[in-house]
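Novice: To start, I am sharing the structure in question, which I have written as structure tokens.
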Amino acid sequence: MGDPDIGEPTLEEQIAAYQREFQDLDPQVEKIVSALSRLNRRMNVAYGRQTAALGISNTDWEVLKALVLSGAPYRMGPGELAKRLGLTPAAMTHRIDRMVAEGLVTRERDETNRVRVIVELTQEGRGKWLEAMRLATVFEEDLLQDLSPEERGTLGEALTRLLRRVEDAQPDAGGRLTDLD
């Protein structure tokens, strides 16, 4: 039953079991949702392996990404970072402490407001982000190699619509409720 290396049933086996236990199940919907869930898990594992090869964690990657997305000079307050990543302030402080020690970010007092702290991306942190992006691009191109440009466009639009529906229905679901580090 299923792939013994993965330890879970195939999608078809899973859907058949669900239908046996819950007759109101729409197998087409379940196949899409289950495939998306499995794809997400496996992509996260692949990205985790790539970041680990670079000497950073997925959680470090999240902070680097947030700083890059903020735009040059790649600076944010720890509270703003925590909110963006769905973390508690204490969890964010722990994460920043680790990243400062690793040379990925700096933490300094804001010269214009001595109460405020600023977290800034270092050259080393930006280099790790760029290398992670290079690795991810290769992985993602390989993942989508069997889709034509038109299919990629259609899939991208469909997934974006699904994402918007979830975001509209669950506006607080962007980050984690607890830090899993």
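Novice: For the range 149-172, does any single residue satisfy the condition of being outside any strand (DSSP E or B), in contact with a Gly (Cβ under 7 Å, 6 or more places away or on another chain) and modelled with pLDDT of 95 or more?
Specialist: Checked the range 149-172: no residue is outside any strand (DSSP E or B), in contact with a Gly (Cβ under 7 Å, 6 or more places away or on another chain) and modelled with pLDDT of 95 or more.
Novice: Among the residues that make up the range 100-116, is at least one of them hydroxyl-bearing (Ser, Thr, Tyr) and closer than 30 Å to Glu140 by Cα?
Specialist: no
Novice: Right, another one. Being outside any strand (DSSP E or B), surrounded by 12 or more Cβ atoms within 10 Å (Cβ to Cβ) and at pLDDT 90 or above is the requirement here; does Arg107 meet it?
Specialist: No: the conditions fail for Arg107.
Novice: Look through the range 82-128, keep the residues that are free of Cβ contacts under 8 Å to residues at least 24 places away in the same chain and of a type in the set (Lys, Arg), and return whichever of them is nearest to Trp61 (Cα to Cα).
Specialist: Per the criteria, the residue is Arg109.
Novice: To continue, here is another question. Among the residues of the range 60-80, is any surrounded by 15 or more Cβ atoms within 10 Å (Cβ to Cβ), aromatic (Phe, Trp, Tyr) and not in a loop (DSSP other than H, G, I, E, B)?
Specialist: Scanning the range 60-80, I find at least one residue that is surrounded by 15 or more Cβ atoms within 10 Å (Cβ to Cβ), aromatic (Phe, Trp, Tyr) and not in a loop (DSSP other than H, G, I, E, B), so the answer is yes.
Novice: Exactly one of (1) of a type in the set (A, V, I, L, M, F, W, C); (2) modelled with pLDDT of 90 or more; (3) more than 25 Å from the chain's Cα centre (by Cα) is unmet by Val115. Its number?
Specialist: Every condition holds for Val115 apart from (2).
The values are calculated or read from the model by the stated rules, or taken from the named source; none is laboratory data. Everything quoted here is computed from the prediction, not taken from an experiment. Here Cβ is always computed from backbone atoms with ideal geometry, including for glycine, and neighbour counts include all displayed protein chains.
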